[in-house]
Amino acid sequence: MELVIDRLTKQFKNKIAVDRISLTLHEGVYGLLGPNGSGKTTLMRMICGVLKPTSGEVKFNGIDVSREEFRDALGYLPQDFGYYPEFTAYDFLLYLASLKGINKSRAKEKATELLELVSLSDVAKKKIRTFSGGMKQRLGIAQALLNNPKLLVLDEPTAGLDPKERVRFRNLISRLGKDRIVLLSTHIVSDVEYIASVILMMKNGQIIHKGRLEEIIDVIEGKVFECSVDSRTAEHLIANYPIINIREESDKTFLRLVADKTPCETAVAVPAVLEDLYMYYFNKEVKKCE
Amino acid sequence: MSSYLELVKFEYKKILRKRSTIIILVIGILLTAISGVSPLFGYYYVDGKILESHYEGMKKDREYRRGLSGREINRDLLSETIEAYSRVPVANGRYSATEEYQEYARPYSGVFYIISHVYNLNSNTNGVTEMLLLTEENLNKFYDIRQSMVERNIENTTMSPEEKAKSKELSRKVKTPFIYSYTGGYTRFLSQMYVTAILICFICLICISPLFAGEYTNGMDGLIFSSKYGKNKVIRAKLFTGISLTILFSVLLIIASYVTIMTVFGWDGKDAPIQLQYPLSIIPLTMGQVALLYSAIVIFGNILSSSLTMVLSAKLKSPYIVLVIMTALTIIPAFVNVSDSVLWIYHLSNLIPVKMFDINNVISIFSINFPGLTIQPYVLIISFAAVASMALLPLVYRNFKKT
C-alpha cells in the first residue's frame, strides 16, 4: 500500500499554498502539524481530489487521484463540513454510503455499526440540526469510515470533541493505522504526539520535517530550558527566545524556552517534547514577522 | 442502476424535506387554483346597481351556450343571432345593459363573438349595427369570408412566400363547418396557463437553484467530491432530479389548474375547434388538443429554464446569486415587447422561456422556413427547448466536476 505525492503544488493567484511537496506514505498514522495558513488543508483537499493541483500528481497504489478507484479507497473528513439539517444521522450515513457505492443492505448494517462506534446510536433518528458540534464531528468521523477506506484523510478530526471523546478517537485512529494509511492534521500537538507514527511538519506550503517523534525532536534536544527569573530578566528572555510556557510565581516568573545555549545562569536543560519543537519553529516565524 | 436510483431518491429527499419547498408548492397550487377562478369573484354592475355576480353570469352564459351546443355554425344560426341582436335597441351607452340584450341577444353572445371576428366587426354597439347590415350572401359565405380573412392576415405579414404558402395550406386543413359548443372551461384554462407557467417557473427556480450550489453552501462539496460517485453518478442523479422535478411540478400545477377551472366552469368543449375561441387561427386542432399542446410547451419551456438554472447552480456556488440572475432572466423579457416586423428577431425572442409561455405561439398564423423544412412556431419552441436543454446538461456536468 503506497500513497505517492509527487511535486504537488497549488497556487492561488500570487500565493503558493502548497509548494512542490513530494512524499511517499505507507501503512501507518501520519500526523500533519502546522499553524493556520501553512497549507495543511489545501494539501489534504488535493490528496482527496477535492481541489485540482496547479501541478504535480497524487497516486494511491498507482491509481491517479482523478480516478473513481482512487476515491473508492478513500475516506475523508474535511475540516469545515456541513450537513443536511433536515436529514437524520442515519439517513445522512445512508446517503454517504450510496455516494460511496455501498449497496443498501450493507449500508444499513454499516451505518448502525458506525453510529454505535461513535456513540450516536440513541440519536440515530434525530435530525442533524439538533446535534451539538461534537456530535456532528463524531458523525463526520463515522461517514469517513463507511467504506472501510484504505486511505483515510482526517482534517482536524478531534476538533470540537470533549477530552474523553478525544482519547477514544485517538485510540480508534491508532488501531485504524495498522492496516491502512491514515493522514491527519491537527492543531492539538498532543494528539499527534500520541498517535502519529510519522510526523510531518508543514510551514509555508512545504514539509519542513518528516520523521518519527524521536527523530524530529532530536533537532532541539538539549535546547529546551526551564528557569525561574525576576521580571527584568524574564522580559529580556521573552524578547529574545521562543517561549513555550510562562507562569507567574510569587516573586519570580517561570519560563520554558528554546535556546541554542543556556539563556541565563539559572536555566536548566530539560527533555524536549513535540510542543517545544512546534513553538520553536512557529514562534520564530511570528517573531520574524514582527 | 440501483445505486443511481438511490442517489436520485436522496436528491429528492434533500429538496422535499425542506419546509420551504412544501410551503412554496402549497402556495403555488393555491395561487394557481385561486387565480384560475378569480374572474368569478365580484359583481357586474349596471348604473351602479348589481346586475349579477360574475359567478352567476358565468352560469347563465354557460346554460345559454350549452343550449346552442351541437349546432352547426351556418346561415341559420348566424341569422338567428342577427335576429336576436336586432331586438336590442340602439341607444347610447352599453347595449348589454338593456333588458332586450339580456332576454334575446345574450344567449347568442358566443356566436356574435365569432361573427365579429370573421366579419371584422367591433364587439360594441357599432359592431352590432354593422352585423345587422350583413347580407344573406355574406352569411352564406361565412367560411369563405373567414378563409379570405385568414389569408389576408397571412399576406399582411413579413413572412417569405414559402412560409405564407405553408400557413395558408395549414389554414385550409381547418375542418368546417364548425360545430358550436360551450368552451368556457377550456377558454379559461388557456388564458390562465400563462400565469400557471410563470408560477411553475418560479417554484422550480427556487427548488432547483440549490441543487448544485447548495452543496457548497452546505459545506458538503468536500464529502461529495471525495466519494466514489461524487464526480459522475451523483451529477447524473442531480440532473435527472432537476429535470424530473420540473416535469413533476409542471404536471402537478397544470393538473391543479385544469381540474379547478374545469370543475367550476364546466368540462365541455374538448372536441370543439379552437376557432370557437380564436376564430382566425390557422391551426386545425380542437380545444383539448390545444390545451395539451400548450401544456407541453409550458413543460418544455420550464425544462429549459431549469436546465439554465442548473448550469448557473453548478457554476456560481451560491443559490442566492443563481436565484437573482434567473429571476431577472425570467422577469425582464416578459416586459419586452418584440414586434413581428422583423420576423427572425420575433421568433428568436420567443425562444426565451418566459416568451415561450405565450398562447400566441400555439395559435399564431406564422410558419417558419428552414432549408427543406417549414414548421410552426410551437414545433420550433418544443424542439429548441428539448435540444437546448440537452446541450446545457453537459455544461452542468463539467461546471460541477471542475474543482
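The values are calculated or read from the model by the stated rules, or taken from the named source; none is laboratory data. All values derive from a computational prediction rather than experimental measurement. Ideal geometry is used to build each Cβ from the backbone, glycine not excepted, and the neighbour counts take in all protein chains shown.
List of remarks:
- Being more than 14 Å from chain A (Cβ to nearest Cβ), buried (at least 16 other Cβ atoms within 10 Å of the Cβ) and free of Cβ contacts under 8 Å to residues at least 40 places away in the same chain is a property that holds for B:Y95.
- Considering residues of the stretch A:116-130 that are buried (at least 19 other Cβ atoms within 10 Å of the Cβ) and not in a helix (DSSP H, G or I) only, the residue modelled with the lowest pLDDT: A:V118
- Check on B:L51, more than 10 Å from chain A (Cβ to nearest Cβ) and touching a strand residue (DSSP E or B) at 6+ places or on another chain (Cβ under 6 Å): yes
- With respect to being closer than 24 Å to B:G185 by Cα, under 18 Å from the mean Cα position of the chain (by Cα) and surrounded by fewer than 20 Cβ atoms within 10 Å (Cβ to Cβ), B:I274 falls outside the description.
- Residue in the stretch B:291-315 that is surrounded by the most Cβ atoms within 10 Å (Cβ to Cβ), counting only those that are touching a Ser or Thr at 6+ places or on another chain (Cβ under 9 Å) and of a type in the set (A, V, I, L, M, F, W, C): B:M310
- Residues of the stretch A:73-93 satisfying the condition of being surrounded by 23 or more Cβ atoms within 10 Å (Cβ to Cβ) and within 13 Å of another protein chain (Cβ to nearest Cβ): A:L74, A:G75, A:Y76, A:L77, A:P78, A:F92, A:L93
Every residue, every condition in (1) farther than 22 Å from B:N360 by Cβ; (2) small (G, A, S); (3) out of contact with any Cys (no Cβ under 9 Å at 6 or more places or on another chain), yes or no:
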residue: B:Y101; (1), (2), (3): yes, no, yes
residue: B:Y113; (1), (2), (3): no, no, yes
residue: B:S116; (1), (2), (3): no, yes, yes
residue: B:L134; (1), (2), (3): yes, no, yes
residue: B:S160; (1), (2), (3): no, yes, yes
residue: B:K173; (1), (2), (3): no, no, yes
residue: B:G185; (1), (2), (3): no, yes, yes
residue: B:Q192; (1), (2), (3): no, no, yes
residue: B:A197; (1), (2), (3): no, yes, yes
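Rundown of residues vs (1) in contact with a Ser or Thr (Cβ under 8 Å, 6 or more places away or on another chain); (2) loosely packed, with under 14 Cβ neighbours inside 10 Å; (3) free of Cβ contacts under 8 Å to residues at least 12 places away in the same chain, yes/no style:
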{"position": "B:Y4", "(1), (2), (3)": "no, no, no"}
{"position": "B:Y12", "(1), (2), (3)": "yes, no, no"}
{"position": "B:I27", "(1), (2), (3)": "no, yes, yes"}
{"position": "B:L30", "(1), (2), (3)": "no, yes, yes"}
{"position": "B:P39", "(1), (2), (3)": "no, no, no"}
{"position": "B:D47", "(1), (2), (3)": "no, yes, no"}
{"position": "B:I50", "(1), (2), (3)": "no, yes, yes"}
{"position": "B:D61", "(1), (2), (3)": "yes, no, no"}
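- Exclusive hit being surrounded by fewer than 19 Cβ atoms within 10 Å (Cβ to Cβ) and either over 12 Å from the mean Cα position of the chain (by Cα) or among the small types (G, A, S) (or both), set A:L151, A:L146, A:L139, A:L172: A:L172
- Extreme residue, nearest to the chain's Cα centre (by Cα), among residues of the stretch B:203-231 that are more than 7 Å from chain A (Cβ to nearest Cβ) and in a loop (DSSP other than H, G, I, E, B): B:S209
- Of all residues in the stretch A:101-122, those that are on the phi > 0 side of the Ramachandran plot have Cβ atoms under 8 Å from Cβ atoms of residues that are part of a helix (DSSP H, G or I) and of a type in the set (S, T, Y), 6 or more apart or on another chain, in A:G101/B:S3.
- Hey, A:F282 touching a residue at least 12 places away in the same chain (Cβ under 8 Å), over 30 Å from A:P53 (Cα atoms) and not in a loop (DSSP other than H, G, I, E, B) or not: no
- Residues of the stretch A:94-138 that turn out to be within 12 Å of chain B (Cβ to nearest Cβ) and of a type in the set (S, T, N, Q), as a count: 3
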